[in-house]
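To keep things clear, I will list the structure first and then write my remarks on it.
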Amino acid sequence: MIGLTIKIVYCARLFVPFVSQNVLSLDNKNKNKFLFCIVLAYSYLCSRLFETMKKYILDLTVSSVEQLSPKHVLLKLTDSQPLPDMLPGQFVEVRVDGSPNTFLRRPISINFVDRVRNELWLLVAMIGEGTRRLGELKAGDKMNCVLPLGNTFTMPASQNEHVLLVGGGVGMAPMLYLGAEMQRMGYEPTFLLGGRTAHDLLELEQFRQYGRVFVTTEDGSLGERGFVTNHSVLQENFDRICTCGPKPMMMAVARYARQAGIECEASLENMMACGLGACLCCVEKTTEGNLCICKEGPVFNVKRLLWQI
C-alpha cells in the first residue's frame, strides 16, 4: 500500500502541472472532478509501468562531487542498501531540488556502477538552471532518483566480435559503463571518443582500463584532428558499433555503419520529461511508427530509425 501511494504521489506531482493550466476556465466542482480523473488515470498507468519494469524511487546520498571541466561534474551517489541492478545504456530521472524554475526531472545517463563501493556515477553537463543546480551539490546531500529507466545495448554474440564504442560530448558517459560490462563478460571493446577540444574529452584514464582508446578533437588539441568518422581506426574491421552523442555525430556514425555493412546501435538523447512513456515528449519516428524514446529506448538499432542517412 505504501509503495502504491508513493507511485501515485510521484505521478500526480509529475503530471498535474501539465493539465491544471487547461482547466482554469472550469468551475470548481468540474475542475476538481477533471483533475481527479486525470491524476487517477496517470497514477494507474504509471503504477503499472513501475510494477512491470521494476523501477525504484530512491533518495541517494552524494558521496563525492568531482569537477571534471568548467562545465562538467561527476556525481557519485550511494545508498545504505545495495543499489538496484542497472544496465549500460539505461538512465536516471533526477529531481532537482532548490531550483524554483525547474519543475521536471532531468534524465541523466548511467555513467558507471561501482559494485564494490556501491556507487552510481552520473556525468552532468551544467547547461541550464537545473543541471547547474545539480553541479552545486555537496557530499552528504540527498538526490531523489527514479531508476533504472530505458533499455540496454546488445552485447556481442561471441568473444571474436570486434566492437567499436563511439562517444561524443556528454554522450561519452554511457560508453564507460558499457565498456566495463563488456570487459567483465570477456570482451575487449575499442573506444573512439570525440570532442571539440581536449577539455571536452573526459574520464580518459577510466576508459583506458577497459579497452583501447582513440580520440579526435575538432581543433586538433588532442588525438587526430576532425570528427570521429574521420579517424584512422575506422580502417580496421568492426562487427558492431554502439554510439551515443550529438544527433549529427550519431547520424554520421550510422551512415558509416550502413555503408560498411556493420550493425549499429545508437542511444538517443531526445528531450524527456517523465521517463515512463506517458508524457510523449521524447517521441521518435521509427519503422514501427512513433515510439517513446524513454520507454522503447533510448537504445535503438539504427535500422529502426527514419534518419535520412
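The values are calculated or read from the model by the stated rules, or taken from the named source; none is laboratory data. These figures come from a predicted structure and were not determined experimentally. Note that we place each Cβ from the backbone using ideal geometry, even for glycine, and neighbour counts take in every protein chain shown. Calculation scope for accessible area: heavy atoms of the full protein, side chains included, ligands and nucleic acids excluded. Shrake-Rupley method; radii C 1.70, N 1.55, O 1.52, S 1.80 Å.
Assorted remarks:
- The single residue among 222, 193, 165 that is farther than 26 Å from residue 85 by Cα, surrounded by 22 or more Cβ atoms within 10 Å (Cβ to Cβ) and in contact with a helix residue (DSSP H, G or I) (Cβ under 7 Å, 6 or more places away or on another chain) turns out to be 193.
- Taking region 180-227 as the range and being among the aliphatic types (A, V, I, L, M) and touching a strand residue (DSSP E or B) at 6+ places or on another chain (Cβ under 9 Å) as the test, the residues that pass are 180, 182, 192, 193, 198, 201, 202, 204, 213, 215, 222.
- Among the residues making up region 234-251, those that are closer than 15 Å to residue 163 by Cβ and either surrounded by 14 or more Cβ atoms within 10 Å (Cβ to Cβ) or not acidic (Asp, Glu) (or both) are 234, 237, 238, 239, 240, 241, 242, 243, 244.
- Only a single criterion out of (1) more than 12 Å from residue 305 (Cβ to Cβ); (2) crowded, with 16+ Cβ neighbours inside 10 Å is not satisfied by residue 280, namely (2).
- Residue selected from region 242-265 under the condition without any contact (Cβ under 8 Å) to a residue 12 or more places away in the chain and not small (Gly, Ala, Ser), by the criterion nearest to residue 194 (Cα to Cα): 248
- Residue within region 145-153 that is free of Cβ contacts under 8 Å to residues at least 12 places away in the same chain and not in a helix (DSSP H, G or I) present: no
- Condition check for residue 164: in contact with a Leu (Cβ under 7 Å, 6 or more places away or on another chain) and either more than 20 Å from residue 253 (Cβ to Cβ) or assigned to a helix (DSSP H, G or I) (or both): no
- Residue match in region 175-197 (condition: in a loop (DSSP other than H, G, I, E, B), within 18 Å of the chain's Cα centre (by Cα) and over 21 Å from residue 151 (Cβ atoms)): no
- Checking residue 231 against (1) open to solvent by 30 Å² or more (accessible area, probe 1.4 Å); (2) more than 23 Å from the chain's Cα centre (by Cα); (3) not polar (S, T, N, Q), the condition it does not meet: (1)
- Residue 141 vs. criteria open to solvent by 20 Å² or more (accessible area, probe 1.4 Å) and in contact with a Leu (Cβ under 9 Å, 6 or more places away or on another chain): no
- When residues in region 61-86 are screened for being in a loop (DSSP other than H, G, I, E, B), of a type in the set (D, E, K, R) and surrounded by fewer than 16 Cβ atoms within 10 Å (Cβ to Cβ), 1 of them pass.
- Being of a type outside the set (A, V, I, L, M, F, W, C), crowded, with 21+ Cβ neighbours inside 10 Å and touching a helix residue (DSSP H, G or I) at 6+ places or on another chain (Cβ under 8 Å) holds for only one residue in 89, 98, and it is 89.
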